[in-house]
Amino acid sequence: MQRPLKVIQELPLRPQDETECRRCDVHCDKVVYPAACVDGSCPFLYAFEEHGRTYVGCMQKVYEVEIDLELLREAQGERNGFGAVKARRQPLPMCRAEVSSCYENRTGEIGCVNPEYFELPQGSPAFRVIARPPVD
């Protein structure tokens, strides 16, 4: 009788394209700063009015939330600013993005098990792998 093979974990071809990493006990997420979209007049920023308030969001759905513009500007005037929201898809090159990690004290002895995740791609992969079959 054959035992079925158990797949421990699928490895993506381009880990840097993921928006979250849960491969270890440290949880990492890619985040973007919507205030930077407003300040930089991002061409993908949209606004609409509802109930007498103006809300802004991302047409490319880099983040899915729609934020009250007045509250965002008010928070930007504070010491720490508005802050970041979780990216729901790969940030665009013009996005102010970074990786946010929590539970960093859970890092194992070998460190990060998915270091490519921290690369914020700006178009093409960080390196190329070329496989050459052996010549007989």
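What follows is calculated from the coordinates using simple rules that are stated; it is not laboratory data. It should be emphasised that the depicted structure is a prediction, and the values quoted were computed from it without experimental measurement. Every residue, glycine as well, gets a Cβ built from its backbone with ideal geometry; the counts of neighbours run over all protein chains shown.
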Applying 1/(1 + (r/R0)^6) with R0 = 35 Å to the Cβ-Cβ distance of Phe48 and His27, what FRET efficiency is obtained, to the nearest 0.05? 0.60
In Å, the Kirkwood hydrodynamic radius from C-alpha pairs for the range 39-95 sits at 12.2 Å
For the ranges 50-56, 112-118, what's the packing order if you count other beta-carbon atoms within 10 Å of each residue, average per peptide, and put the highest first? 112-118, 50-56
For the pair Ala36 and Val113, how long in nm is the line joining their label points, each one 7 Å along Cα→Cβ? 2.9 nm
Give me, ordered by chain and number, the residues 5 or more places off Thr54 or on other chains with an amide H under 5 Å from its own placed amide H. Leu69, Glu70
Taking Cα atoms of the range 15-118, Rg/Rh with Kirkwood Rh, to two decimals? 1.05
So for the range 15-118, averaging the separation of alpha carbon pairs under 8 Å that are six or more residues apart and normalising by length, what relative contact order in percent results? 42 percent
So how do Cys95, Cys102, Cys21 line up by other beta-carbon neighbours within 10 Å, fewest first? Cys102, Cys21, Cys95
